[in-house]
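Worksheet for the structure shown next.
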Amino acid sequence: MELDSIECVSSTDGMDEDEIHHHNLHHPHPLHGHHQFSSSKPHNGTNNTANANSINNIVGPTAIAPATSVHELLECPVCTNSMYPPIHQCHNGHTLCSTCKTRVHNRCPTCRQELGDIRCLALEKVAESLELPCKYYNLGCPEIFPYYSKLKHEAICNYRPYNCPYAGSECSVVGDIPFLVAHLRDDHKVDMHTGCTFNHRYVKSNPREVENATWMLTVFHCFGQYFCLHFEAFQLGMAPVYMAFLRFMGDEIEARNYSYSLEVGANGRKLIWEGTPRSIRDSHRKVRDSHDGLIIQRNMALFFSGGDRKELKLRVTGRIWKEQQNPDAGVCIPNLCS
């Protein structure tokens, strides 16, 4: 498929349409290494003597300073993740997690001695006494958890970084929303618009030859938030379809404060979709596969395109609004963007 033959023409807030030619569909843009959002800390192998010294310094289950040093001892020297039972050790006392035990082919990564089936029960017991901050504390999470509860919280922590919402490439960049907005603009070269209404025209010659295609992502800034508009072609069962949907750049609870509509039509017919934008916590593929958006059968899309039905010229309009709580009636009323 010739991806560079796809064109997206867009305009926002009643402005005249400006033609935007999108190339490099499905091709990731070069990412700058300094944009990678990550954190790590140095680690090294530990032995029972070091474990014992740290354990002796613990005053109680909430002793923060000693717990920090013990927490470092609970870091696997291979994968650098926190170790959970069963914690294994070699004959010299070096520890590692059960996952990495199989990865190192039963050889201690520190001293290269053969690993047996020795459990480090003392370190497992010490872990039970720890209360540690969420690993996203530097991003604003104030919570402190028992060691064995911390992992479950971190998987759903509201302060955890977001994955890049760009579709059409395998982008591993993560970060907070301002960082990702800059990343989308600078590295993926997405269209950035201000306003809560939009008018996009998606163009593709020879659409019957397209089974899978992703048009360039568009980001909208309104109500002080950012929203991602997706449009793509794919197979739904045996039927070729087009789908448009909106994602909210924030968490799920915030996303529920907004609604959006999408409309497509021509020749006296139209299709309208109204819904709540999904958070970018849900992957692009998850939203697409749940069919949570405006779905247009190919034949209908070509009918809306007019002409000889051999070229896709599909106009998608939409708007975003914020739901406000009516203090008197106790119901939500739309707050339209001016």
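The values are calculated or read from the model by the stated rules, or taken from the named source; none is laboratory data. This structure is a prediction, so every number in the text was calculated from the model and none was measured. Cβ placement follows ideal geometry from the backbone for every residue including glycine, while neighbour counts extend to all protein chains displayed. Surface areas here come from the heavy atoms of the whole protein model, side chains and all, with no ligands, DNA or RNA. Shrake-Rupley method; radii C 1.70, N 1.55, O 1.52, S 1.80 Å.
Structure data summary
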| item | result |
| --- | --- |
| Leading residue by the ranking (farthest from Leu184 (Cα to Cα)) among those in the range 215-228 that are touching a helix residue (DSSP H, G or I) at 6+ places or on another chain (Cβ under 9 Å) and open to solvent by less than 50 Å² (accessible area, probe 1.4 Å) | Gln225 |
| Any chance Ala127 is surrounded by fewer than 17 Cβ atoms within 10 Å (Cβ to Cβ) and of a type in the set (A, V, I, L, M) | no |
| Checklist (1) modelled with pLDDT of 95 or more; (2) over 14 Å from His200 (Cβ atoms) applied to Tyr260, failing item | (2) |
| Verdict on Glu311 being touching a strand residue (DSSP E or B) at 6+ places or on another chain (Cβ under 8 Å), under 26 Å from Asn163 (Cα atoms) and open to solvent by 20 Å² or more (accessible area, probe 1.4 Å) | no |
| Of residues in the range 263-280 being at pLDDT 95 or above and not in a strand (DSSP E or B), the one surrounded by the most Cβ atoms within 10 Å (Cβ to Cβ) | Pro277 |
| Number of positions in the range 149-176 that are in a helix (DSSP H, G or I), among the hydrophobic types (A, V, I, L, M, F, W, C) and touching a strand residue (DSSP E or B) at 6+ places or on another chain (Cβ under 9 Å) | 1 |
| Residue, nearest to Arg256 (Cα to Cα), within the range 298-322, restricted to residues that are in a strand (DSSP E or B) and aliphatic (A, V, I, L, M) | Ile320 |
| Strands (runs of 3 or more DSSP E) wholly inside the range 208-253 containing at least 3 residues that are more than 24 Å from Cys196 (Cα to Cα) | 225-236, 239-248 |
